[in-house]
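Structure first, commentary second.
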Amino acid sequence: MADIHFNKDQGSKLKLFTPGPVFVPEWVLKELSKPNDTHRSVPYQEMHKQAREGIQKLLYTENDCFIFTSSATGIMEACVRNLVNKDEKALFLSIGAFGDRWYEIGVKNGKNAIKEGVEWGKALKPEIVKDILSKDHYSAVFLQSNETSTGVYNPMEEIIPIIKDSGALVCVDTTSSIAGVKIEIDKLRIDVCLASVQKCLALPPGLAIASISQHALEKAEKVENRGFYFDFVYFKKKSNSNETPTTPPIPQIRALVAQLDYILNEEGIENRFIRHTRLGKRTRIWARDMNLEMFPEKGYESNTVSTMRNSINLDCGKMVNEMLSKGYRIVNGYGDLANKTFRIGHMGEITIKDLEEMLETLTDVISAQRLNKISTN
Ligand SMILES: Cc1ncc(COP(=O)(O)O)c(C=O)c1O
């Protein structure tokens with residue numbers, strides 16, 4: 001087993017069907033090992049510019065895009081610190097664990113944070129959002145597109161315009177869907193769209209990206225105590241010269257440029273979205289065939305991570321371990337949902353063939369567990 005997890009010469013041999021970090025392709029690993037100039041050099045600036053422009057294409061935006069040395073949670077905190085003043089109310093629309101986390105960040109940063117949401121497994125529908133917004137005035141609204149704990153994808157095209165019409169700034173955490181699901185930032189007028197790179201972008205963890213609207217930047221200028229490390233105003237100043245305020249993980253940015261080039265110019269962004277849609281559909285068909293109910297309400301299932309209800313009374317922990325011994329990592333349910341649900345990540349560079357092979361193994365593992373149960377009862 002140790003050889004699968006940690007192989008000194010070859011790294012991990014596990015096939016990751018996780019909601020991140022995910023399998024990193026060979027061409028990305030190669031880029032990571034190349035030498036670089038310093039972050040205060042013209043070659044670096046050229047590379048940074050390519051990353052910025054690539055992210056803009058990926059997000060369908062002309063807004064500036066920043067690169068942060070952190071995971072997504074760092075930018076979630078940055079949004080709260082940069083965009084909410086003391087005398088303002090911030091609304092956190094939560095549909096699961098990561099929505100709850102954003103609210104907690106709001107509270108821990110001393111903001112006037114209000115959490116509203118729906119039962120886990122459900123999505124934010126337009127009428128729910130309208131109703132919530134009719135009760136009060138919020139200066140900023142925070143929400144996930146794809147909630148990784150429940151496997152629900154919110155109807156972004158329907159709810160974002162409602163939030164924008166309320167006059168609030170809108171920040172969207174697209175961590176587990178960016179580069180897997182189309183989201184058109186400028187069309188939807190999203191002020192901040194953020195994500196870490198270890199999910200559908202298939203890069204190693206350690207970097208996060210965000211698009212920032214002019215409106216958000218102007219707001220940040222008026223907010224006190226933005227902190228230093230994640231100050232949007234300082235980021236903008238450095239971004240203008242294709243730099244970051246502090247030393248970034250330069251090899252990661254090189255790899256990001258290569259991966260964006262692959263996505264935009266080799267696979268093709270629309271093809272990538274189609275592939276993720278197919279991966280989602282295929283997993284849901286498999287679940288149906290196995291008599292496993294989906295945890296998300298129908299019509300709002302994620303195409304990057306599938307959360308299945310444990311409707312056939314499996315020992316999910318045992319199933320995950322058995323899959324590990326066969327070289328695959330799938331994951332148990334998130335937090336309190338462990339054993340009540342389990343999750344299959346199908347994001348990044350996973351192909352339909354990879355998925356089919358994994359599902360075949362998983363089917364065998366589940367069948368063996370069920371047979372065993374029958375014979376011991
Ligand atoms: C939707 C969502 N938001 C935020 C996070 C936190 O990301 P990170 O670990 O990169 O901070 C995750 C991680 O799984 C996530 O899925």
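Couple of notes before you dig in:
- Annotation: amide H of residue 64 within the under-5 Å range of 212, sequence separation 5 or more or interchain, hydrogens built in the peptide plane.
- Listed peptides 258-268, 272-282 by packing density, highest first (mean Cβ within 10 Å): 272-282, 258-268
- Contour excess over end-to-end distance, with Cα ends at residue 338 and residue 297 and 0.36 nm allotted per residue: 12.9 nm
- Rg followed by Dmax, in Å, when the chain is reduced to its Cα trace: 21.0, 70
- Rounded to whole Hz, the Karplus (6.51, -1.76, 1.60) HN-Hα couplings of segment 102-116, x for glycine and proline: 5, 4, 4, 4, x, 5, 5, 8, x, 8, 7, 9, 10, 10, 10
- Listed by chain and number, the lysines whose C-alpha is less than 16 Å from the C-alpha of residue 199, apart from same-chain residues fewer than 8 away, are 15, 182.
- Compared with the dominant Cα axis of the chain, that is its longest principal axis, helix 352-376 is turned about 50°.
- Distant-in-sequence amide H partners of residue 94 (H built 1.01 Å from N, under 5 Å): 116, 117, 118
- Take the Cα of residue 261, go 7 Å toward its beta carbon, and none of the backbone nitrogen atoms of segment 199-224 fall under 11 Å from that spot.
Readers should treat all values here as calculations from the given coordinates under stated rules, not as data from a laboratory. For clarity, every value in this text was computed on a predicted model and none was experimentally measured. Neighbour counts run over all protein chains shown; Cβ positions are idealised from the backbone, glycine included.
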